[in-house]
Structures are given as C-alpha cells and as structure tokens.
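Student: Right, I'll just put the structure down here and ask away after.
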Amino acid sequence: MKKVLIVFGTRPEAIKMAPVVKELQKKTKLWKTEVCLTGQHRQMLDQVMEFFEIEADYDLNVMKSNQSLYELSANILVGMKEVLEQSKPDLVLVHGDTTTSTMAALAAFYFGAKVGHVEAGLRTFDKSAPFPEEMNRVLTGRLTDYHFAPTDRAAQNLNEEKVSPEAILITGNTVIDALLFSVEKVRAKKSQRAAEIEKLVNFSKPLILVTGHRRENFGEGFLNICRALLNISRKADVEIVYPVHLNPNVQKPVNELLAGQAGIHLIEPLDYETFVWLLDQCYLVVTDSGGVQEEAPSLGKPVLVMRDKTERPEAVEAGTVILVGTDPQKIETETLRLIEDKAWYEKMSHLHNPYGDGKAAGRISAFLEKKWAVDVQYETM
Ligand code: UD1
Ligand code: UDP
C-alpha cells in the first residue's frame, strides 16, 4: 500500500493542510496517511491541531525562542532523516513557503520520495519580499513532482518556469476549505474565547482587526505600523483588536508602543475558530499575513495589506485588497477613508472569492487516486 507523509510546522500550514489530512485519511484502502509536525511553531500550531482534531505520528519539536533561520533549517533537515527512514513514504506533501516546507521537501528529495507542493506557484519575483518566503517557494517548487496550484495565475507562473503541465493541478486554496468549515461552525456556536472578547470590546463601534509578523517589516516597519494604529485610534471612534504574533521581534515593539492605549486591545494569538469568528464580525482588516488576505475577501471584508508586494494579486485586482506598505501615513489615510466614506467601503467590501470554492483538498485526493490507480490495482490483486 502507498504511504503519504504530510509535513507541516507553523500555524498557517496547519490550517491549510488540515482539510488535506482529513480528506486523505478517508481513503484508508488506497494509502496510509501519516502526519509529521516539525514544531517550527508550538503554541500557535497546537491550537490548530486541537481545533481540527488531528493527531501527529511524528513531532520534531524544533521550536526554540527566536531561533535563527540557519539553526531552524538545519534542525528540520536532520530531524526529517529519521522520520523518513521510519515512515518510508512514497510521497511527502508540504505546504507553501515556510522553512518547514523547503527543508522537508529537500529531505524528501534526498530520501527518494516524491514531493507534492500544496499552494504551489505563488510568486512576487522579488527574493527580498516576502523574506525568506519567496525564495522558499521557488526552491520548494524545484524539488516538487506534483504542484497543487491554488489559482490560474499560480499555475501560469509554474508554466513559465517550464514545469510540465501534467504535473500541475489547479485546486483552489485549501484555506477556503478550512474557512468554510469553520465559519459554519462558529456561526452556529460561539467559542468561549469569543464570548470573552465580546466582554472586552465595544462591538457597537467599527472593529479593525490587525495581524502582523513579516520578517521584512521587523524594526522600523513595525514601529511605523504601531504609530499608524495609534493615530487611527486617536482620530476615529473605532475599536482595534490585535492578536499579537508570538515572535519576540513582533511582541517587543507592539507591546512597548501600544499596550494600554485607549481603543487598542492587544490580545494573545487566537485559536482558529475564534479568529474566524472575529474576522466575520470585524469592519475591516489591516494585516501583512498571507492567509488572512485570502480569507477576508471570502467574508466580504476589505483588507489593507502592509506590504509593498504581494504574491496574491487576485484580490488586489478585484478591488477588495489594497497594498499600503508600512508607510504610517498611507495606513492611516486608507483606514480613515474606509471608515468615513461609506460608498467606498461598500465598493471594497463586496464578497469575492478568488482563492477557492472549498473543494481543494478533494481535488488533491482525486489527483493522487488517479495518479496511483494502476499501482493500487496491482498491489490489491
Ligand atoms: C513563520 C514563517 C512564515 C509564516 C509565519 C506564520 C519561516 C521562515 N517563517 O514565521 O513564513 O508566515 O511563520 O505565522 O518559515 N513563537 C512562539 N510560539 C509559537 C510560534 C512562534 O513562541 O507558537 C516565537 C518563537 O520565539 C520562535 C519565533 O516566534 O522562535 C519565530 O518563529 P519562526 O517560525 O521562526 O518565524 P515566524 O515569524 O513565526
Ligand atoms: N490566525 C489565527 N489566529 C490568529 C491570527 C491568525 O488562527 O490570532 C489564522 C488566520 O485565520 C490564517 C492564518 O492564521 O488562516 C494566518 O497565519 P499567519 O498570518 O501567521 O501566517 P501567513 O498566512 O502570513 O503565512
């Protein structure tokens, strides 16, 4: 029987791989599915595992506080050797653009397993932004045998890199599978954490949901983001809710500049269920996150993206996302415009779903079933 090893290690990979794990686990007669966590994140990863009720078969547990990319990369690569030798997978599935995905793909290549890349083909064509994710994607793409591209644009990027068309499948983004599953759940029943937030925040005012963690924004970028949020909270009658990423390079400036400021609520990273609930409740989103700029348009929320470049141009072109970089004036002006100009808000908040229809994981599973049909027939004879 075939074996698929699904490897992930950070919060967004876990959210986006959860639907794939669930879907592949259904096909017990076709292949065995195993899950390996690198533990690149710990608390933020464990929250997701709990919500989606996924058990790991292996856990490298590599997270150390504020560790360098060198150490993280080396620890994942070395740790994967033992896992691969024990699991002996035919296929290793990785996701997106993290150090986990690139190192796991490299390890799979050394081991001789095939590599499947979920969320393949995203590009900014600038290796410094986002850093190091753009280069991680390019490297992972070169190691990949099966490319699961979320959009036509992503597939086109791969075509231009001369990837064979038979190796590419356009699937939609699995984040929409996860979102649709979760939003239905939270609309039916609020989490306990959501009930706590309801007591903390004045929901009669427009709620601005903020997230941020990009490495290229560390230092001056984050100081500028905080200055902009302070100005917005002083000029507009709004509530700002900011679940602060656990990276110490984010925690330090955000807490130093924003803790205790009126109208600004700094809270711990939310479990996925509660984050989706808040996304559904909010007025607008200010973020540098990849995943959040895919989810928000599906819930009809305008997004201001604190980056100069995005590998996700589809929602920018559709007019539901605006790139504002980390210029405090631009962040402030665009936020205030969305609060004061109702017609503009209406224009930007139309529901738009360029990233998927919630069926991406099923397409990945069907692709593998077809790919392996001959082998499976032979093995079960
Ligand atoms: C990582 C990914 C980034 C992804 C982001 C999602 C890389 C290089 N970066 O960035 O692509 O967009 O995750 O959030 O792969 N920490 C904790 N607990 C946690 C998570 C992080 O304490 O649950 C702290 C630790 O001190 C850790 C630090 O954050 O060392 C940085 O984590 P790391 O995974 O290296 O980088 P992120 O900024 O989280
Ligand atoms: N998210 C979450 N709790 C939070 C903030 C974000 O569950 O407090 C989810 C969000 O819904 C999205 C993902 O985490 O699916 C995005 O993760 P992040 O911004 O850390 O990484 P990126 O997508 O930029 O790689």
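The values are calculated or read from the model by the stated rules, or taken from the named source; none is laboratory data. Please read all numbers here as calculations on a predicted model, not as lab measurements. Positions of Cβ are backbone-derived with ideal geometry, glycine not excepted, and every protein chain shown enters the neighbour counts.
Student: Within region 237-244, is even one residue in contact with a Lys or Arg (Cβ under 8 Å, 6 or more places away or on another chain) and either within 10 Å of ligand 2 (Cβ to nearest atom) or closer than 22 Å to residue 130 by Cβ (or both)?
Tutor: Of all residues in region 237-244, those in contact with a Lys or Arg (Cβ under 8 Å, 6 or more places away or on another chain) come to 237-239.
Of the ones still in play, those that are also either within 10 Å of ligand 2 (Cβ to nearest atom) or closer than 22 Å to residue 130 by Cβ (or both) are none.
The answer is no; no qualifying residue exists.
Student: For region 292-346, what are the residues that are over 26 Å from residue 230 (Cβ atoms) and in contact with a Phe, Trp or Tyr (Cβ under 6 Å, 6 or more places away or on another chain)?
Tutor: 294
Student: I've got another one for you. Applying the selection to region 284-307, what residues are part of a loop (DSSP other than H, G, I, E, B) and under 14 Å from residue 212 (Cβ atoms)?
Tutor: Initial filter on region 284-307 (part of a loop (DSSP other than H, G, I, E, B)): 288-289, 299-302, 306-307.
Listed by number, the residues that qualify are 288, 289, 306, 307.
Student: Does region 162-178 include one or more residues that are among the hydroxyl-bearing types (Ser, Thr, Tyr) and within 26 Å of residue 307 (Cβ to Cβ)?
Tutor: The answer is yes; a qualifying residue exists.
Student: Please pick out the residue among 182, 204, 191 that is within 18 Å of residue 267 (Cα to Cα) and small (Gly, Ala, Ser).
Tutor: 191
Student: Would you mind stating whether residue 266 is out of contact with any Asp or Glu (no Cβ under 9 Å at 6 or more places or on another chain) and not in a loop (DSSP other than H, G, I, E, B)?
Tutor: Answer is yes for this residue.
Student: If you don't mind, there's one more thing I want to ask. State whether the residues of region 351-361 include one that is in a helix (DSSP H, G or I), away from ligand 2 (no atom under 15 Å from the Cβ) and basic (Lys, Arg).
Tutor: No - not one qualifying residue is present in region 351-361.
Student: Residue check: is residue 57 within 19 Å of the chain's Cα centre (by Cα) and acidic (Asp, Glu)?
Tutor: Working: within 19 Å of the chain's Cα centre (by Cα): no; acidic (Asp, Glu): yes.
No; evaluated as a whole, the condition is false for this residue.
Student: Also, I was wondering about something else. Are any of the residues in region 116-124 surrounded by fewer than 19 Cβ atoms within 10 Å (Cβ to Cβ) and more than 16 Å from ligand 2 (Cβ to nearest atom)?
Tutor: Within region 116-124, none of the residues are surrounded by fewer than 19 Cβ atoms within 10 Å (Cβ to Cβ) and more than 16 Å from ligand 2 (Cβ to nearest atom).
Student: Scan region 64-96 residue by residue and report those that are touching a Gly at 6+ places or on another chain (Cβ under 8 Å) and within 16 Å of ligand 2 (Cβ to nearest atom). Spell out the reasoning first.
Tutor: Step one: filter region 64-96 for residues touching a Gly at 6+ places or on another chain (Cβ under 8 Å), giving 76, 91-94, 96.
Of everything in region 64-96, those that are touching a Gly at 6+ places or on another chain (Cβ under 8 Å) and within 16 Å of ligand 2 (Cβ to nearest atom) turn out to be 94, 96.
Student: Cβ-Cβ below 8 Å, separation at least six or inter-chain, first residue in region 349-365 and closer than 18 Å to residue 6 by Cα, second in a loop (DSSP other than H, G, I, E, B) and among the charged types (D, E, K, R): which pairs?
Tutor: So the pair list comes out as 365/26; 365/27.
Student: Out of 190, 199, 162, I need the residue that is modelled with pLDDT under 95 and away from ligand 1 (no atom under 16 Å from the Cβ). Which one?
Tutor: 190
Student: Look through region 317-343, keep the residues that are surrounded by fewer than 16 Cβ atoms within 10 Å (Cβ to Cβ) and hydrophobic (A, V, I, L, M, F, W, C), and return whichever of them is farthest from the chain's Cα centre (by Cα).
Tutor: 343
Student: If you take the residues of region 38-55 that are of a type in the set (A, V, I, L, M) and surrounded by fewer than 21 Cβ atoms within 10 Å (Cβ to Cβ), which of them is farthest from ligand 1 (Cβ to nearest atom)?
Tutor: 54
Student: Filter region 339-348 for residues that are aromatic (Phe, Trp, Tyr) and either free of Cβ contacts under 8 Å to residues at least 40 places away in the same chain or under 19 Å from residue 153 (Cβ atoms) (or both) and give the result.
Tutor: Within region 339-348, the subset aromatic (Phe, Trp, Tyr) is 344-345.
Within region 339-348, just 344 meets the criteria.
Student: Kindly provide the set of residues from region 292-306 that are within 16 Å of ligand 1 (Cβ to nearest atom), surrounded by 23 or more Cβ atoms within 10 Å (Cβ to Cβ) and either over 14 Å from residue 353 (Cβ atoms) or without any contact (Cβ under 8 Å) to a residue 12 or more places away in the chain (or both), ordered by number.
Tutor: Answer for region 292-306, where residues must be within 16 Å of ligand 1 (Cβ to nearest atom), surrounded by 23 or more Cβ atoms within 10 Å (Cβ to Cβ) and either over 14 Å from residue 353 (Cβ atoms) or without any contact (Cβ under 8 Å) to a residue 12 or more places away in the chain (or both): 305, 306.
Student: Given the criteria of a type outside the set (D, E, K, R), buried (at least 19 other Cβ atoms within 10 Å of the Cβ), assigned to a helix (DSSP H, G or I) and in contact with a His (Cβ under 8 Å, 6 or more places away or on another chain), does residue 241 qualify? Steps first, please.
Tutor: On the way: of a type outside the set (D, E, K, R): yes; buried (at least 19 other Cβ atoms within 10 Å of the Cβ): yes; assigned to a helix (DSSP H, G or I): no; in contact with a His (Cβ under 8 Å, 6 or more places away or on another chain): yes.
So residue 241 fails the test.
Student: Which of the following residues is closer than 21 Å to residue 33 by Cβ, touching a residue at least 12 places away in the same chain (Cβ under 8 Å) and not β-branched (Val, Ile, Thr): 149, 113?
Tutor: 113
Student: Just name the residue that is nearest to the chain's Cα centre (by Cα) out of those in region 269-283 that are assigned to a loop (DSSP other than H, G, I, E, B) and away from ligand 1 (no atom under 16 Å from the Cβ).
Tutor: Of everything passing the filter in region 269-283, 282 is nearest to the chain's Cα centre (by Cα).
Student: Which ones in region 134-153 are in contact with a Ser or Thr (Cβ under 7 Å, 6 or more places away or on another chain) and within 16 Å of ligand 2 (Cβ to nearest atom)?
Tutor: Selection gives 134, 136, 140, 150.
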